[in-house]
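Enquirer: The structure that follows is given in the form of structure tokens.
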Amino acid sequence: MSNPLLKPDEIELKIMAYLDGELGGDESIEIKKLIEKDSRYKQIYESLKRVQEATHDMKLKKLPEFYWDEYWQHVYNRIERGISWIIISIGTIVVFGFLIWNALSSLIADQTINPILKGGILLLIFGLLILLISVLREKLMIRKVDKYNEVER
Amino acid sequence: MDEDQQIIADCQMGKSESYRVLVEKYKTRAYYAALMYSGNQDDALDLSQEAFYRAFKAIKTFELGKNFYTWLYQILRNLCINHYKRIRKRNIVFSDVDGAQNYVDYFSDIKNPGEIFEETERREFIWKAIKKLKPTEREIILLKEFDELSYREISEVLAIPIGSVMSRLYYARKRLAELLEELQ
């Protein structure tokens, strides 16, 4: 063993890193010498190499060219549709907000409706608004701090 | 600043048209990565395109200086896991509940290697050995050998230290060598 400070396991890991081209210049030379000198390490190297060659024998199936030609277009369509959904959502919020505001204004201005009923309707709408804000805030807060937010629950 | 970082910086400033360059650059790797998880071409195309779309949506949160591909890969991997879980759930509803597993073994449903790999003499034999690995071993072998990620990239994707990547990969390869010998 050229380096007595390295535990056998560490050497085996370095042999693998050497095979994967993940070692720097000096370390790479050191491991290469070790493999040439020590039959046990040579055996480990050869075994790892055989596995690598076996997996490299498996060639991934090629996709017909036209799929690649259309690939960007599909991504672009998704982006475009995503933007259109955001615009539609904003538009819906504006329209409904306006309608609700108008309805509330007429309700408050209408002298023929019983004030108790008016108060009840206002409280109902106020409660729903608080509920909506609370749910939205919770969703947004979780999204911000949750590192697994891409994983569907 | 390298090309990727420049493009992302442009996208973050609202010049989104340059995003196409990133898609063209990484589409092949993303597609094949998705193919490994999903096992069929249609799903792989759909999942990889969705990953690019979600990455674009979240581009403002990308920290400049980090590797774009490993970030995209994490999004893609999560999408694939969700896809797998949806299929699994659907299958469980219609089949025997005893078949349910309590871990995410997202390559186990790929029955036919012909969906992923070209016809070669040793294809069935090597695939059989790969399928016998534990899910974590199989994943790291696929990340290294087929997705051709570096140790650093794997460490970022799986959120584990490089030392753990090396030991996990080493034992997975050792196990695969044993299985190849057993099956020969």
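Every read-out reported here was derived from the displayed coordinates using simple, explicitly stated rules and does not represent laboratory data. Since we're looking at a predicted model, the values are computed, not measured. Cβ: placed from backbone, ideal geometry, glycine included. Neighbour counts: every protein chain shown.
Enquirer: Based on DSSP loop calls and a cut-off of at most 15 other Cβ atoms within 10 Å, the longest stretch of chain B free of exposed GluC sites (Glu not before Pro) is what?
Expert: B:1-62
Enquirer: Which three extents, in whole angstrom, do the alpha-carbon atoms of the protein assembly as shown cover along their principal axes, largest first?
Expert: Projected onto the principal axes, the Cα atoms of the protein assembly as shown cover 101, 53, 45 Å.
Enquirer: Assign one of three labels to the stretch A:67-145, namely rounded, prolate or oblate, based on the Cα gyration tensor with a ≥ b ≥ c the square roots of its eigenvalues; rounded applies when a/c is under 1.5, prolate when it is not and a/b is larger than b/c, and oblate otherwise.
Expert: It comes out oblate by the Cα gyration axes.
Enquirer: Give me the distance between the Cα centres of the stretch B:1-76 and the stretch A:74-138, rounded to whole Å.
Expert: If you average the Cα positions of each part, the centres end up 36 Å apart.
Enquirer: Can you give me the C-alpha center-to-center distance between the stretch A:20-49 and the stretch B:122-153, rounded to a whole angstrom?
Expert: Rounded to whole Å, the Cα centres lie 22 Å apart.
Enquirer: What does the average come to when, for each residue of peptide B:17-26, you count the partner chain Cβ atoms lying within 10 Å of its Cβ?
Expert: 2
Enquirer: Taking θ = phi - 60°, what integer Hz values does the Karplus form 6.51 cos²θ - 1.76 cosθ + 1.60 yield along the stretch B:71-86, in sequence order, with x for Gly and Pro?
Expert: After applying 6.51 cos²θ - 1.76 cosθ + 1.60, I find 5, 4, 4, 4, 5, 4, 4, 5, 4, 5, 4, 4, 4, 4, 5, 4 Hz.
Enquirer: Considering only the other residues whose Cβ falls under 9 Å of the Cβ of A:Met16, what net charge follows from Lys and Arg at +1 and Asp and Glu at -1?
Expert: -1
Enquirer: Using the Cα gyration tensor of the stretch B:1-100, with a ≥ b ≥ c the square roots of its eigenvalues, what is the shape: rounded (a/c below 1.5), prolate (a/b larger than b/c) or oblate (neither)?
Expert: It comes out prolate by the Cα gyration axes.
Enquirer: Oh, and also: Report the Stokes-Einstein translational diffusion coefficient (µm² s⁻¹, integer) for chain A, Rh taken as the Kirkwood radius over Cα pairs, at 37 °C with viscosity 0.692 mPa s.
Expert: Answer, rounded: 138 µm²/s.
Enquirer: Hey, can you list the DSSP H helices of chain A whose Cα span along the axis is 24 Å or longer and whose average Kyte-Doolittle score is at least 0.0?
Expert: Within chain A the helices that satisfy the rule are A:65-109, A:115-145.
Enquirer: Considering amide H positions built from the backbone, and no H for Pro or chain starts, which residues 5 or more places from A:Leu60, or on another chain, come under 5 Å of its amide H?
Expert: B:Glu118
Enquirer: Fewest to most neighbouring Cβ within 10 Å: what's the order for A:Trp101, A:Trp72?
Expert: By the 10 Å Cβ count, ascending, the order reads A:Trp101, A:Trp72.
Enquirer: Considering every residue in B:67-75, what mean count of other chain Cβ atoms within 10 Å of its Cβ is obtained?
Expert: Shielding by partners across B:67-75 averages 0.
Enquirer: What is the dipole size for the protein assembly as shown, taken about its Cα centre, with +1 at each Lys and Arg Cβ and -1 at each Asp and Glu Cβ, in debye to the nearest 20?
Expert: 960
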